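Below is one structure, written out as structure tokens, with a few remarks after it.
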Amino acid sequence: MSSRTFTLPDALYDYLVSVSLRETDILRRLRKETGALPRAHMQIAPEQGQLMALLIRLTGARRCLEVGVFTGYSTLCVAAALPPDGRIVACDVNEAWTAIARRYWREAGVAERIELHLAPALDTLDGLIAAGQAGSFDFVFIDADKANYWNYFERALELLHPGGMVAVDNTLWYGRVADASNHDDDTEAIRDFNRRLHEDARVDPSLVPIGDGMTLARKR
């Protein structure tokens, strides 16, 4: 929903970026090109991508999964943080957006680490499960249609091994989740997801107020 952490005042956000963000030239150019698109708000915040890359390195992840690619900023952050033999399965349905992503992945030299599936994500996830890949992934990032968040999460848990992590974007939904007068479908879907995850004994969760809110959950 936001290409920056919306919970911070401008001056404080600028300070955070100035002392924390280490964005590569390729990522910066991808973010700038994406920023000119009509749906640029769908891009994650750069500080969020940096946090995801840190999580990949901290956990030693080798097999990753992404639901919702857009122009590939988050995919590039994760792929660049993987070891040379690491792989990420990326799910999206839009050829035009992912064509931009492919261009930057090739330039960054990580295209061979990324397996892009242009198909409905639930079909891809169910296919991975049917192929016997349950319990084989280390990290999953979910950033796609909000109505299916819980469906994606359930598949993610099945595909993760115990100790694996799922990250879910937009869980603060630009503050709309806290607005009692807002009942649009996406807001209600995220409220429902947040409630259910809070009560889910299968994971250890934490909602981090970065970007548009990112929930991290470790599979027990």
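Observations on the model:
- Sole exception among (1) closer than 23 Å to Asp14 by Cα; (2) among the aliphatic types (A, V, I, L, M); (3) touching a Ser or Thr at 6+ places or on another chain (Cβ under 9 Å); (4) surrounded by fewer than 19 Cβ atoms within 10 Å (Cβ to Cβ) for Ala36, by number: (3)
- Considering the conditions (1) polar (S, T, N, Q); (2) open to solvent by less than 10 Å² (accessible area, probe 1.4 Å); (3) not in a strand (DSSP E or B), Thr215 is excluded by exactly one of them, (3).
- Listed conditions (1) assigned to a helix (DSSP H, G or I); (2) within 13 Å of the chain's Cα centre (by Cα) are all met by Thr171, apart from (1).
- Residue match in the stretch 147-161 (condition: more than 12 Å from the chain's Cα centre (by Cα), modelled with pLDDT under 95 and open to solvent by 20 Å² or more (accessible area, probe 1.4 Å)): no
Yes/no per residue for (1) among the aliphatic types (A, V, I, L, M); (2) more than 16 Å from Asp143 (Cα to Cα); (3) open to solvent by less than 10 Å² (accessible area, probe 1.4 Å):
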residue	(1), (2), (3)
Thr7	no, yes, no
Arg22	no, yes, no
Ile44	yes, no, yes
Leu58	yes, yes, no
Asp85	no, yes, no
Arg102	no, yes, no
Gly109	no, yes, no
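- Residues of the stretch 141-161 that turn out to be part of a helix (DSSP H, G or I), among the aromatic types (Phe, Trp, Tyr) and touching a strand residue (DSSP E or B) at 6+ places or on another chain (Cβ under 9 Å), as a count: 3
- Selection status of Thr98, in a helix (DSSP H, G or I) and hydroxyl-bearing (Ser, Thr, Tyr): yes
The values are calculated or read from the model by the stated rules, or taken from the named source; none is laboratory data. Treat the numbers as computed from the prediction; the structure is a model and nothing was measured. So basically every Cβ, Gly included, is an ideal-geometry build from the backbone, and we count neighbours across all protein chains shown. With ligands, DNA and RNA removed, areas are computed over all heavy atoms of the protein, side chains included. Shrake-Rupley method; radii C 1.70, N 1.55, O 1.52, S 1.80 Å.
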